[in-house]
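Written out below as structure tokens is the structure these notes cover.
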Amino acid sequence: MNTTEQLVPDHYEMHTLREILTQSLAWQAALDVVAAKQEAIQVLWKSKDYTDIVVTGCGSTHYLSQAVAPLLQRQLGIRARPVPASELLLFPETVIAPDSRPLLFTISRSGQTTETIRATRMFKQRYGGPVITIGCYPEAELVALSDLALVIPEGQEQSVVQTRSFSAMLLAAQAAIALAHNAHFQAMRSLPELGKRLIDAYHDLAKQLGSDARFERFYFLGSGLQYGLASELNLKMKEMSLSVSEAFHFMEFRHGPMSMVNEHTLVVGLLSDTANAHELAVLREMRALGGTTLVLSEDLVPTAAADFQINFRSGLAENNRAVLYLPLLQLLGYYRARINGQHPDHPHNLTAVIVLDAEK
């Protein structure tokens, strides 16, 4: 079996591939950052200074907020809502109730995205609540605006699309939330090695499916904690390969979108523990319609639902292993990009940071 190191050529020109294959190093750094701030994080969670949590970002980090907010609500028992930073900035009254005392949780790879910075300034001026941020650049303006910052320089990337940074920031967020139950945080220390093993075991499968010219459209299904991840992985497929790709909640996929399923469709299911019986039923139906299914799950699932499957076998609780869904599906998008003649390091029409003109 190939090791991750052997899969990365010494002089490979593709930053994106290298960053996907070596991201477990950034995972270890993310866990170390959270461990170093453990006391401050636990003080924040235990405080009674807020009644609600707003989780915000732009693009990939908005989808990251969709994965973080439901976990915050489940673990802390506090209302948590994900919103794009532009919505918080432009329509704050639709996001924050007048009688609430909100905490703002911001996520930004660069810490320089204009909408997120302006939304944070507005939040501090109007609501005065605490601000926690996660990013990859310690000197960023967003870090300076925050009361507590979890910064992972090892997540920095040369590529435009977020792969290593996204997974490192997700792991930092989920590890910080796990500190509400300290035993869970300790269990997450196994994730970097688990991620490396998964890449070694399933890289060839991701390359096979991403390179399969039969597939003309891709659907990423996830519910509960996995919906934000499905949305992000759909974005990776679009950004890198310019393919027809969409994300849906599992059960919603039956309500119209499944009309697009045929023999040229790959349906990717990010299985949950909570609702996997319902999710597997959807996947069986998609196979019956002619689609090909790829399932990611903790344990082996029936072949009636899965043409292909990736099994984590992590032994971790559902709340603590979300990052394992990411590397192989990032690779799927990467190899589809190569088949489509796209350069993943330089995606069409995109830049690494969106900086708007000065406010008038």
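The values are calculated or read from the model by the stated rules, or taken from the named source; none is laboratory data. If you're wondering where the values come from, they're calculated on a predicted model, not measured in any experiment. A quick note on method: Cβ atoms are made from the backbone with ideal geometry, for glycine too, and the neighbour counts reach across all protein chains shown. These accessible areas exclude ligands, DNA and RNA; they are computed on the full protein's heavy atoms, side chains included. Shrake-Rupley method; radii C 1.70, N 1.55, O 1.52, S 1.80 Å.
Some observations on this one:
- Size of the stretch 171-230: Rg and Dmax of its alpha carbons, in Å, are 15.9, 47.
- Backbone N under 19 Å from the residue 284 label point (7 Å along Cα→Cβ), restricted to the stretch 247-269: 250-255, 258, 267-269
- Across the accessible surface of the stretch 232-313, with the other protein chains kept in place and a 1.4 Å probe, carbon and sulfur atoms take up 57 percent.
- Sorting 48, 236 by solvent-accessible area of protein heavy atoms yields 48, 236, largest first, with a 1.4 Å probe.
- Efficiency of FRET from Cβ geometry, residue 49 and residue 93, R₀ 30 Å, rounded to 0.05: 0.90
- Label point distance in nm, residue 189-residue 254, each placed 7 Å from Cα along Cα→Cβ: 4.4 nm
- Distance from the stretch 69-95 to the stretch 241-262 (C-alpha centre basis), Å: 26 Å
- Surrounding net charge for residue 335, when Lys and Arg each add one and Asp and Glu each subtract one, Cβ distance under 10 Å: +2
- Summed over the residues of the chain and divided among them, the accessible surface reaches 41 Å² per residue at a probe radius of 1.4 Å.
- Percent of alpha-carbon pairs separated by more than 19 Å within the stretch 37-179: 44 percent
- Selection from 335, 261, 106, by position along the positive dipole direction of the chain (Cβ): 106
- Relative contact order computed over the chain (Cα-Cα under 8 Å; 6+ residues apart), in percent: 19 percent
- Where only DSSP H runs of four or more residues are counted, the chain gives -13500 deg cm²/dmol as its mean residue ellipticity at 222 nm, each run worth -39500 (n - 2.57).
- (i) 55; (ii) 51; (iii) 64, with the label sought being that of the calculated percent of Cα pairs over 25 Å apart: (ii)
- Cα Rg, Dmax (largest Cα-Cα span) when computed across the stretch 128-226, Å: 17.3, 54
- Heavy-atom accessible surface of the stretch 46-120: percent carbon and sulfur, 1.4 Å: 50 percent
- Restricting the calculation to Cα atoms, the stretch 15-82 yields a radius of gyration followed by a Dmax of 14.8, 44 Å.
- Legend: residues 203, 181, 278, sorted from most to least accessible area (1.4 Å probe; ligands, DNA and RNA excluded), read 278, 181, 203.
- Under 24 Å, Cα to Cα: Lys pairs in the chain, sequence gap 8 or more or different chains: 10
- Across the chain, the longest run free of exposed loop sites, meaning GluC sites (Glu not before Pro) lying outside DSSP classes H, G, I, E and B with no more than 14 other Cβ atoms within 10 Å, spans 14-138.
- R0 of 35 Å, Cβ-Cβ distance residue 346-residue 205: FRET efficiency to nearest 0.05: 0.85
- Inter-label distance for residue 35 and residue 144, nm, one decimal - labels placed 7 Å from Cα along Cα-to-Cβ: 3.2 nm
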